[in-house]
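In what follows, a structure is listed as structure tokens, so that the remarks can point back to it.
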Amino acid sequence: MKKYSFIILFFALLASCGKEGSDLLDPAVTGTTKEEVFTDARNAMLFLNDIYGDIVPVIPQTGNKGMRWPASDGLLEITTDNGSTNLGASGAYNAFNTGAWTPLSSTSFFWVTEWNSAWASIRSCNLFLAEIDNVPLNPEYQFTEAVRRARKGEGLFLMAFFYSELLKQFGGLPVIDKVYDIDDEMNVPRSTFDETVAFITGLCDQAAALLPETQPDNDYGRATKGAALALKARILLYAASPLWNNAAKPADSPFRGEYSEAKWEKAARAAAEVIGLGVYELHGNISDLFITRVNPELIFVHMNQPCSWMTSISIPRWLCPPGRFEKSGCNQVTYNLIKEYEVLKDGQAYAIDDPASGYDPQNPYINRDPRFYRDCMFNGYQYQGKTAQFGEAVSGAVAPEHNPIETSPYYTHVYSIKFADLSLVLNFDARNPSTGPRVHQNYPYLRYAEILLNYAEAMNEAYGPETDGLGNGKTALWAVNQVRTRSQYPPDLPEYLGQTGGMPPIPSGLGKEAMREKIRHERRIELSFEEHRFWDVRRWMTDPATMTNIQAQIPVWQTDGTVRYEIRSIQQRTFERKMYRLPIPEQQIYTNPALVQNPGWNFSPEDAD
């Protein structure tokens, strides 16, 4: 029998698993063979934990660990019209934004890294699933038949998760459901899109049948039945969307599925199944949603080791006491997104260009959607007893107090703080988690608000805004308003500028097209900086021409101490229709001649959509 060498790292993701968030690390098990791993329950479970650790930790646990862009603290949003960054013009994200990349680009580009790493993770899942039934029971380690069943469900879910990440990037994939030895040829062709979707959703169904609805407190963060069903609902929503369900190209292929309007109903039913579990609900307070480790909105999260790094890279350092690391304000918010936050007036919500809104472009940050104050730090923001001063100054004017020393043409002077803990006093170097206060903070891969918005979108496309097509009393309008009306101003928080009330519901009487735009608006606001915008604009086939002009609302300080706001274009980006799908790394095409490249890229049999 062949021997396999393993290095099993009890990754920090599950090292901090559990509701209390202990960061005690179990010792690593190294140098063991496959036989030794899967004849010992403890080692087998460490192997599974290591697979969890393969999922990209979008919020890093310490400096420069994780994230989509290696050696970067930029979230994926900075490659959409929602975000910009001060991280420099030479970064991989900027090369992506300016179109200076190809299928031959280096591994610094996230899709190249993820194509390679995801297949390694899928192999690990297949190996775990092939061996888990042979692992001896171990009462001392509490490895029972019930635990074996749940862990097998987790392995199935994790394989579905890795496949789903590849699917939304590339489309149809080689379906690998066994362990290939190192000597085996792996010239496996891409399956069609629908075949790949069926494979992923089948894994989700198998996982849901094995997983519990909730995990015990000490296993908080592991996959559950709801996580499997939520992932299935997301994938079916994508499969129903225009990029992958195109009436102009109706045949099933690796590049898209067979066209069918019925796919929207299928997606709606899948989301309805998650809602029908009755396990999840929206967290009541928007201000602490993303720093509350345990709350009923979270379905599947990345369990981070307690840390303060995400807060540190979010808050501009000149607002903080001496002693913190200089990197800060890494993810900035564009005017393209800022203008989408509606204005509240007399209990009604208005777009800023609606004359009834009363919007004043020279006093732009009052009476906005409550989520604006949770998500964005802007000139005039109240932070730990200070009034933030950002922007530029005309000749002879006093410069804003809290600008960084370095300058960048890509500054928007509005910072993304969605995942920051504003109570932390940042007077220490947060790159080392042990040097100061730490936050038990998780990143939501799947949360209930997304499921409600998925349901709203699918129901609207299948039945219209207010038709109860599934007979469950829940329409598209009901679902989107659940998310929208949750957004209320929390009391007594100075950063919300003393405002009260919240978002009113979307009124009844809209047609399908108008409701579609409302739902897309809510997704953009509610899910901003959570890795949805990047994929949404692709699956919707949003016109690339509307995505390239990146704007900022610049505060300009005058000699009399007042501030004027100017809307400026800060970058002209490249976005072509072929970029709806990412290219398979060209080296992989050479390695596996059975693969076929995506439309519009070199060696593809199709032009871009």
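The values are calculated or read from the model by the stated rules, or taken from the named source; none is laboratory data. It should be emphasised that the depicted structure is a prediction, and the values quoted were computed from it without experimental measurement. Here the Cβ is made from the backbone with ideal geometry for all residues, glycine too, and neighbour counts use every protein chain on show. Quick note on the areas: whole protein, heavy atoms, side chains included, nothing else; ligands and nucleic acids left out. Shrake-Rupley method; radii C 1.70, N 1.55, O 1.52, S 1.80 Å.
Scanning for something at pLDDT 95 or above, in contact with a Gly (Cβ under 7 Å, 6 or more places away or on another chain) and of a type in the set (A, V, I, L, M, F, W, C), does the stretch 171-194 turn up at least one residue?
The answer is yes, given that some residue of the stretch 171-194 is at pLDDT 95 or above, in contact with a Gly (Cβ under 7 Å, 6 or more places away or on another chain) and of a type in the set (A, V, I, L, M, F, W, C).
State which residue is surrounded by the fewest Cβ atoms within 10 Å (Cβ to Cβ) when the search covers only the stretch 437-461 and only residues that are more than 23 Å from A420 (Cβ to Cβ), over 15 Å from the mean Cα position of the chain (by Cα) and not aliphatic (A, V, I, L, M).
E461
Go through G502, G511 for me and flag whichever is within 21 Å of K345 (Cβ to Cβ), in contact (Cβ under 8 Å) with a residue 24 or more places away in the chain and open to solvent by 10 Å² or more (accessible area, probe 1.4 Å).
G502
Among the residues of the stretch 462-484, write down those that are surrounded by 23 or more Cβ atoms within 10 Å (Cβ to Cβ) and in contact with a Phe, Trp or Tyr (Cβ under 7 Å, 6 or more places away or on another chain).
A479
In the stretch 302-318, how many residues are open to solvent by 10 Å² or more (accessible area, probe 1.4 Å) and either in contact with a Lys or Arg (Cβ under 9 Å, 6 or more places away or on another chain) or of a type in the set (D, E) (or both)?
2
From the list I589, I570, I584, which residue is modelled with pLDDT under 95, under 26 Å from the mean Cα position of the chain (by Cα), hydrophobic (A, V, I, L, M, F, W, C) and open to solvent by less than 50 Å² (accessible area, probe 1.4 Å)?
On inspection, the qualifying residue turns out to be I584.
Go through the stretch 109-131 residue by residue and tally those that are of a type outside the set (A, V, I, L, M) and under 26 Å from T39 (Cα atoms).
Of the residues in that region, 8 qualify.
Being touching a residue at least 60 places away in the same chain (Cβ under 8 Å), open to solvent by 30 Å² or more (accessible area, probe 1.4 Å) and over 30 Å from G501 (Cβ atoms) is true for just one of L210, L243, L231, L237. Which residue is that?
Only one candidate qualifies: L210.
For the subset of the stretch 331-383 comprising residues that are β-branched (V, I, T) and over 24 Å from T85 (Cα atoms), which member is surrounded by the most Cβ atoms within 10 Å (Cβ to Cβ)?
V343
What about V197, is it crowded, with 23+ Cβ neighbours inside 10 Å and out of contact with any Pro (no Cβ under 6 Å at 6 or more places or on another chain)?
yes
Could you go through the stretch 397-409 and let me know if any residue there is modelled with pLDDT of 95 or more and of a type in the set (D, E, K, R).
The answer is no; no qualifying residue exists.
I'm trying to understand the selection: among the residues of the stretch 404-421, which are assigned to a loop (DSSP other than H, G, I, E, B) and among the hydroxyl-bearing types (S, T, Y)?
Result: T407, S408, Y410, Y411, T412.
Restricting to the stretch 119-147, name every residue that is more than 34 Å from the chain's Cα centre (by Cα) and either open to solvent by less than 10 Å² (accessible area, probe 1.4 Å) or closer than 13 Å to F47 by Cα (or both).
V135
Would you mind stating whether G380 is part of a loop (DSSP other than H, G, I, E, B), more than 27 Å from N285 (Cα to Cα) and not β-branched (V, I, T)?
In short, no.
Filter the stretch 422-436 down to residues that are more than 25 Å from L493 (Cβ to Cβ) and of a type in the set (S, T, Y) and give me whichever is surrounded by the fewest Cβ atoms within 10 Å (Cβ to Cβ). First the steps, then the outcome.
The initial filter retains those residues of the stretch 422-436 that are more than 25 Å from L493 (Cβ to Cβ), namely 429, 431-435.
Among the residues that remain, those that are also of a type in the set (S, T, Y) are: 434-435.
Values: S434: 10, T435: 15.
Across the stretch 422-436, the extreme among qualifying residues is S434.
Can you say whether D468 is assigned to a loop (DSSP other than H, G, I, E, B) and closer than 30 Å to A239 by Cα, as far as the supplied structure shows? I'd like the intermediate steps shown before the answer.
Values: assigned to a loop (DSSP other than H, G, I, E, B): yes; closer than 30 Å to A239 by Cα: yes.
Taking the combined requirement at face value, the residue satisfies it.
For D536, which of the numbered conditions (1) without any contact (Cβ under 8 Å) to a residue 24 or more places away in the chain; (2) over 23 Å from N331 (Cα atoms) fails to hold?
(2)
Tell me whether the stretch 403-421 contains one or more residues that are closer than 24 Å to S287 by Cβ and either open to solvent by 50 Å² or more (accessible area, probe 1.4 Å) or charged (D, E, K, R) (or both).
Within the stretch 403-421, one or more residues are closer than 24 Å to S287 by Cβ and either open to solvent by 50 Å² or more (accessible area, probe 1.4 Å) or charged (D, E, K, R) (or both).
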